[in-house]
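What follows is calculated from the coordinates using simple rules that are stated; it is not laboratory data. All values derive from a computational prediction rather than experimental measurement. Heads up, the Cβs are rebuilt from the backbone with ideal geometry, glycines too, and the neighbour counts pull from every protein chain shown.
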Amino acid sequence: MRLRTSVGHRDSVIRWSLVIGIWSFASGCLTVLVLAALLSCRPGAKQPSPEDGQTARVRKQRLIVGRDTVLIEVAATEEMRTVGLMYRTVMAENEGMLFVFEAEGIYPFWMKNTELPLSIAFIDRSGAIVDIQDMAPHDEITHHAPSVPVLYALEMNQGWFRTHQVNAGDKVQFPGDTMPHRVPSSPGRPQ
């Protein structure tokens, strides 16, 4: 025996199947969006933003580079090193940023979201400059890395080292002949 269904009943079943299918799809999409939002809120998952480049600024310190004294911001935490000089549109002639790492290593730099043309000096544990490189704004392809392991990197306006006749082998030091060798530990490796 075969059960006969009316056309109206069949249309009703199709409509309900369609509604259930759409509901399942929508709830699946919502689940994915909620999970993505939760994962992006976990500690350390924050992406740098233009505001970070402005609010991450700290009190400036004096640093002796060759024969000149400059004002620098010290980037000694992973978050500060990750943001660096991103989104800055101006930096005074004798100002820069010193990146301090937990251990000596080869730390490559790139210019993602960086508006300013910069020069970078890679500095060893003793404060000696081992390498100086120029970096172009927004260059996300070129990775600038030292030729030997370093503990510090100093970013200045492009050409600053050349203009001030600072070369590889010259010394960098804080007044009082000290360089920070130990910084507060932070989770993860420097970027």
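Within segment 140-150, the set of residues being surrounded by fewer than 17 Cβ atoms within 10 Å (Cβ to Cβ) and closer than 24 Å to Asn94 by Cβ is empty. Of the residues making up segment 139-156, those that are over 17 Å from Arg81 (Cα atoms) and under 18 Å from the mean Cα position of the chain (by Cα) are Asp139, Ile141, Thr142.
Results for (1) more than 23 Å from Arg59 (Cα to Cα); (2) in contact with a Phe, Trp or Tyr (Cβ under 9 Å, 6 or more places away or on another chain); (3) of a type in the set (Asp, Glu), shown as yes or no for each residue.
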residue: Arg88; (1), (2), (3): no, no, no
residue: Met111; (1), (2), (3): yes, no, no
residue: Leu116; (1), (2), (3): no, no, no
residue: Ala121; (1), (2), (3): no, yes, no
residue: Ser126; (1), (2), (3): yes, no, no
residue: Asp131; (1), (2), (3): yes, yes, yes
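Given the options Phe122, Phe101, Phe109, name the one that is buried (at least 18 other Cβ atoms within 10 Å of the Cβ) and within 13 Å of Val172 (Cβ to Cβ).
Phe122
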